[in-house]
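A quick write-up on the structure given underneath.
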Amino acid sequence: MSSPSPALAARTKLLCTLGPATNTPAFVRGLIAAGASIFRVNFSHGTPAEHARAVALVREAEAEGDRALAVLADLPGPKVRLGSMHPDPFRFTPGQPFELRPGGSGDDLGASTTYAGLAGDLREGDRVLLADGAVELVVTAIAEGTVTTECLRGGFVRSGQGVNVPAERLGLPAVTDRDREGLARALDLGVDLIAQSFVRVADDLYELRSLMGDRVVPIVAKIETKPAVENIDAILEATDALMVARGDLGVELPMEQIPLLQKDLLRRALSASRPVVVATQMLESMIRAPRPTRAEATDVANAVLDGADAIMLSGETAIGEYPFEAAAAATKIAAAVEARAGDYRAARPGCRHTGEAAAVAHAVADVATSEAEVVAITCYTETGRTARLLSAERPLSPIYAFIPDHQVRRVNTLNWGVVPIAAEHPDDTDAMIALMDEGLRRRSLVAPGELVVMAAASPAGRTTTNMLKFHQVGSPVR
């Protein structure tokens, strides 16, 4: 495993999963150097102590540098998994019978699952997929809580891997006991984002949010079921962000539908001003290889062109042999595509805004694009909403967001093109303009004399963004 090299600047953010391969200070620092700004802790695996250590490592790395870093806790959701397999891994061959049992140990005839009620949700003829589709089974009989299947497509499966059945008939609750326990731990650890797995309807999100009490953390709805696709507009209204989780989604729906579905989901999220992550198998071969395949490079590029706010690496950084190389490759591809995309990227939507803040954000992006002298967009925001609205407009200029609250800064690491910067609370509008000017110069983000366009609420402290101002950096504030 080689040392990481400094990452090229990419406006598409990089979300890396932490795991056994990256659960040390040196590895976390290496992933940051390679371009990561958001770190996923998968609560489906590992122990509470391991989760706490991962969060602590990110916080320590953040304290060492001058950039915000976010932690996303990914809850298990109503996922059915296999119990112990024997032997492990277990080899399936076409035509082989295999039982899915409500309990007991695994043997050469079958294994238990984590959902004792599975038999009540299945019918003869149903398709059951194991390990994200590596093995395909068909239900041949159901009796006394045991589901008998026949293998249609063989392969190797390990203990604890997933069991996919039609989501619309799955009787598991949207928020399971494991989710409740995981949510409580995640909130105690002070994570910045919560990913909710296997969302089916908007009420699933409202239920999870109601369990947060007064410690409300933004929710990332993972779209990985057919019902979620069918209810996407209501889900977008209920969620804070979206994740196109192509692993389970590609198992639940025909694989040939996934490419265009990804484009449609990203387009809808962008229109709704919701940040969206594209996930699963982005650079899968890099778990074992130091370079991605051409197809994987194209996949990352297309996610960028489609308008993704972030791309996520899973096994590539959690268990892979080349985590630094995978993170650096994702960043390098994204930066190259952004620099040369031109007419290939998703078009900016026309102004369809009725709210004042969104209309101002659209106008800021317009003038930043049309005025060649403008080198950057800056905003002051206490809630992060102004930065999110500016990001959704996908302007050509970088967005420097001055944010007093540290958690709001961390959440904004998810927004495309946004660089969150620590700031004090200004006393008035002139002080707000001055703090942005000084912050740009002190960090050498913009040179004195260069032109920026500013967005904020004026007078300072007003709740709605209503100010658009051209400002020459280093000039007196009037």
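The values are calculated or read from the model by the stated rules, or taken from the named source; none is laboratory data. If you're wondering where the values come from, they're calculated on a predicted model, not measured in any experiment. Note that each Cβ is placed from the backbone with ideal geometry, even for glycine, and that neighbours are counted across all protein chains shown.
Points to keep in mind about this one:
- Pairs with Cβ under 7 Å, 6+ apart, first in segment 163-192 and modelled with pLDDT under 95, second of a type in the set (Val, Ile, Thr) and part of a helix (DSSP H, G or I): 164/251
- From 141, 134, residue being out of contact with any helix residue (DSSP H, G or I) (no Cβ under 6 Å at 6 or more places or on another chain) and farther than 28 Å from residue 228 by Cα: 141
- Condition broken by residue 79, with the remaining ones in (1) over 34 Å from the mean Cα position of the chain (by Cα); (2) modelled with pLDDT under 90 satisfied: (1)
Yes or no, residue by residue, for (1) at pLDDT 90 or above; (2) in contact with a strand residue (DSSP E or B) (Cβ under 6 Å, 6 or more places away or on another chain); (3) assigned to a loop (DSSP other than H, G, I, E, B); (4) under 26 Å from residue 113 (Cα atoms):
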residue: 31; (1), (2), (3), (4): yes, yes, no, no
residue: 38; (1), (2), (3), (4): yes, yes, no, no
residue: 57; (1), (2), (3), (4): yes, no, no, no
residue: 85; (1), (2), (3), (4): yes, yes, yes, yes
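Residue-wise test of (1) in contact (Cβ under 8 Å) with a residue 12 or more places away in the chain; (2) under 21 Å from residue 146 (Cβ atoms); (3) surrounded by 13 or more Cβ atoms within 10 Å (Cβ to Cβ).
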site	(1), (2), (3)
36	yes, no, yes
63	no, no, no
89	yes, no, yes
107	yes, yes, yes
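Residues are listed down the side, and each one gets a yes or a no for (1) assigned to a loop (DSSP other than H, G, I, E, B); (2) among the polar types (S, T, N, Q); (3) touching a Phe, Trp or Tyr at 6+ places or on another chain (Cβ under 9 Å); (4) exposed (fewer than 14 other Cβ atoms within 10 Å of the Cβ):
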{"position": "111", "(1), (2), (3), (4)": "no, no, yes, no"}
{"position": "124", "(1), (2), (3), (4)": "yes, no, no, yes"}
{"position": "128", "(1), (2), (3), (4)": "no, no, no, no"}
{"position": "173", "(1), (2), (3), (4)": "yes, no, no, yes"}
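- Selected residue [modelled with pLDDT under 95, surrounded by fewer than 18 Cβ atoms within 10 Å (Cβ to Cβ), part of a helix (DSSP H, G or I) and of a type in the set (Gly, Ala, Ser)] from 361, 372, 336: 336
- Residues in segment 436-475 that are surrounded by fewer than 22 Cβ atoms within 10 Å (Cβ to Cβ), in contact (Cβ under 8 Å) with a residue 12 or more places away in the chain and not in a loop (DSSP other than H, G, I, E, B): 439, 441, 451, 467, 468, 469, 470, 471, 472.
- Number of the condition not met by residue 225 [criteria: (1) surrounded by fewer than 19 Cβ atoms within 10 Å (Cβ to Cβ); (2) among the polar types (S, T, N, Q); (3) touching a residue at least 24 places away in the same chain (Cβ under 8 Å)]: (1)
- Filter result (of a type in the set (Asp, Glu) and under 20 Å from residue 411 (Cα atoms)) within segment 202-217: 214
- Total residues in segment 130-171 satisfying the condition of being at negative phi and assigned to a strand (DSSP E or B): the figure is 23.
- With respect to the stated conditions, residue 44 is in a loop (DSSP other than H, G, I, E, B) and under 28 Å from residue 190 (Cα atoms).
- Residue identified as under 19 Å from residue 72 (Cα atoms), among the acidic types (Asp, Glu), surrounded by fewer than 19 Cβ atoms within 10 Å (Cβ to Cβ) and more than 16 Å from the chain's Cα centre (by Cα) among 214, 204: 214
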